[in-house]
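Enquirer: This is the structure I want to talk about, given as structure tokens.
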Amino acid sequence: MTIPLDYETLRVIWWLLLGVLLIGFALTDGFDLGSAALLPFAGRTDEERRMIINSVGATWEGNQVWFILGGGAIFAAWPFVYAVSFSGFYLAMFLVLSALILRPVGFKYRSKKPDARWRAGWDWALFVGGLVPALVFGVAVGNVLVGAPFRLDGDLRMFYEGSLLGLFTPFTLLTGLLSVAMLVLHGAGWLSLKTEGPVLQRVRLYGQGAAILSILLFAIGGLFVAWSGMGYRVDGVIDPNGPSNPHLGGAVAAAGAWLDNYAAHPWMLLAPILGFAGPVLALLGIRGQRDTLVFAGSSIANVGIISTVGLSMFPFILPSSIDPGSSLTAWNASSSHGTLFTMLICTVIFLPIVLAYTAWAYKVMFGRVTDREIRLNPDFY
């Protein structure tokens, strides 16, 4: 069968789709995580905390679709990236999954007993289930920018030489805190649309702080990337249509190389501009009590900050800090030409279905969660 798209085009499409899936996860499940991180602080009474929980309770499970699609896309389209990241970051992923497991248990069991201590315990479990994944996801992105400590031998066997504690450096903690601030802002944006009364007032207050922190941490992170000697650059001639083999085509560590793409393609500066503009719009929305603008601003911040990382690194997906020649890029770490095309056909068919039922679910669940509903609706958590 003749494949109508060349290998290079399919690799770029799947690199873009990976970014779309990650942004989709941040936009949907991100406000779940941020809302859970705000739960013990924005809600002071049992009814107020139930208002927050039920603002995400109807949709949070459906939002996991983007998490699963992202993992599946890495497995099928970027098998080298899947093998290295899921093996090397195994303990970090175990930490994330352990925290995520607290969420369904917390949602389902919190209201089983009226005891105040029982419910307060589950509230803090939900807080951990929101804060820890947000922090670790950001730390993981920081490690991707710095480079992971792995190497590939001549038979393409992977050797990881890092540890769990080694993932937490000053820079990666900075990116982790940026991730927390970004998702807390997004959670505040969502709760601005879904809550009322004292909860809404407190959410606006915390959202204001998260927006300011997002701007400061994003700026500090950018300065760190520019001046710390961080970055990798392709060394030699790369064939974008060549076979997938990380040993074909070299890479070297190069200070400031993560800024190369902006000099070559100035349009890419739109991504960091959105990363700053989003929190500013959210701040304006909070001060003007325009809740839709708050959520729009937090969503734009997610798109801008995540796109900045991807565009800065292209074509790198996962560089190696101990052996840059083993680095994984869009040109040397993909599945075969035929696999990418077959998966693209499946994506063209099924992704619109996912988008359609997601949009329908949000339309049905649209509206604020009120005090009256909390008191009278027996189906609420």
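The values are calculated or read from the model by the stated rules, or taken from the named source; none is laboratory data. None of these values were measured; they are calculated from a predicted model. Glycine also receives a Cβ, built like all others from the backbone with ideal geometry; neighbour counts cover every protein chain displayed. Areas reflect the complete protein model, heavy atoms only, side chains present, ligands, DNA and RNA absent. Shrake-Rupley method; radii C 1.70, N 1.55, O 1.52, S 1.80 Å.
Enquirer: So how far apart, in nm, are the two label points at Phe86 and Leu5 if each is 7 Å from Cα heading toward Cβ?
Expert: That separation, rounded to one decimal, is 2.3 nm.
Enquirer: If packing is taken as the average count of other Cβ atoms within 10 Å, what order do 138-146, 195-203, 263-271 fall into, highest mean first?
Expert: Ranked from most to least packed, the peptides come out as 138-146, 195-203, 263-271.
Enquirer: Right, here's the next one. Helix 170-194 versus the longest principal axis of the chain: what angle, 0 to 90°, nearest 10, using Cα atoms?
Expert: Between helix and principal axis, roughly 40 degrees.
Enquirer: For Leu376 and Gln201, FRET efficiency with R0 = 22 Å and r from the beta-carbon atoms, rounded to 0.05?
Expert: 0.40
Enquirer: Follow-up question, since we're still on this one. Taking all protein chains in place and a 1.4 Å probe, what share, in percent, of the accessible surface of the chain do carbon and sulfur account for?
Expert: The nonpolar share, carbon plus sulfur, comes to 71 percent.
Enquirer: Something else now. Accessible area per residue of the chain at 1.4 Å probe, in Å²?
Expert: Here the per-residue accessible area is 46 Å².
Enquirer: Could I ask something else about it? Going by amide H atoms built from the backbone, whose H comes under 5 Å of the H on Ile322, apart from near neighbours?
Expert: Phe150
Enquirer: Under unit Cβ charges (Lys, Arg +1; Asp, Glu -1), what dipole magnitude, rounded to 20 debye, does region 52-166 have relative to its Cα centre?
Expert: Roughly 580 debye for region 52-166.
Enquirer: Moving on to the next point. Report D for the chain in µm² per second (integer): Stokes-Einstein, Kirkwood Rh on Cα pairs, 10 °C, 1.306 mPa s.
Expert: Taking Rh from Cα pairs, D becomes 73 µm²/s.
Enquirer: 222 nm [θ] for the chain, helices only, -39500 (n - 2.57) per DSSP H run of 4+, per residue, to 500?
Expert: Helix contribution divided over all residues of the chain: -24000 deg cm²/dmol.
Enquirer: Taking the dipole about the Cα centre of the chain, with the C-beta of Lys and Arg at +1 and of Asp and Glu at -1, give me whichever of Leu27, Ser228, Ala77 is farthest to the positive side.
Expert: Farthest towards the positive pole: Leu27.
Enquirer: Then there is this: By how many nm would the segment from Phe159 to Tyr362 lengthen if fully extended, with 0.36 nm per residue of separation less the alpha-carbon distance?
Expert: Using 0.36 nm per residue and subtracting the Cα-Cα distance, I get 68.7 nm.
Enquirer: Kirkwood hydrodynamic radius of region 76-222 from all distinct Cα pairs, in Å?
Expert: With all distinct Cα pairs of region 76-222 included, I get 17.5 Å.
Enquirer: Once both labels are modelled 7 Å past Cα along the beta-carbon direction, what's the Leu351-Leu284 spacing in nm?
Expert: Output for this residue pair reads 3.0 nm.
Enquirer: Can you give the angle from 0 to 90° between the axis of helix 60-77 and the longest principal axis of the chain, with both taken from C-alpha atoms, to the nearest 10?
Expert: The helix 60-77 is inclined about 10 degrees to the chain.
Enquirer: Enter the angle in degrees (range 0 to 90, nearest 10) between the Cα long axis of helix 7-42 and the first principal axis of the Cα atoms of the chain, meaning the one along which they spread out most.
Expert: It works out to around 30 degrees.
Enquirer: Using a simple charge model, +1 on the beta-carbon of Lys and Arg, -1 on the beta-carbon of Asp and Glu, nothing else, what dipole does the chain show about its Cα centre, in debye to the nearest 20?
Expert: Its charge dipole is roughly 1340 debye.
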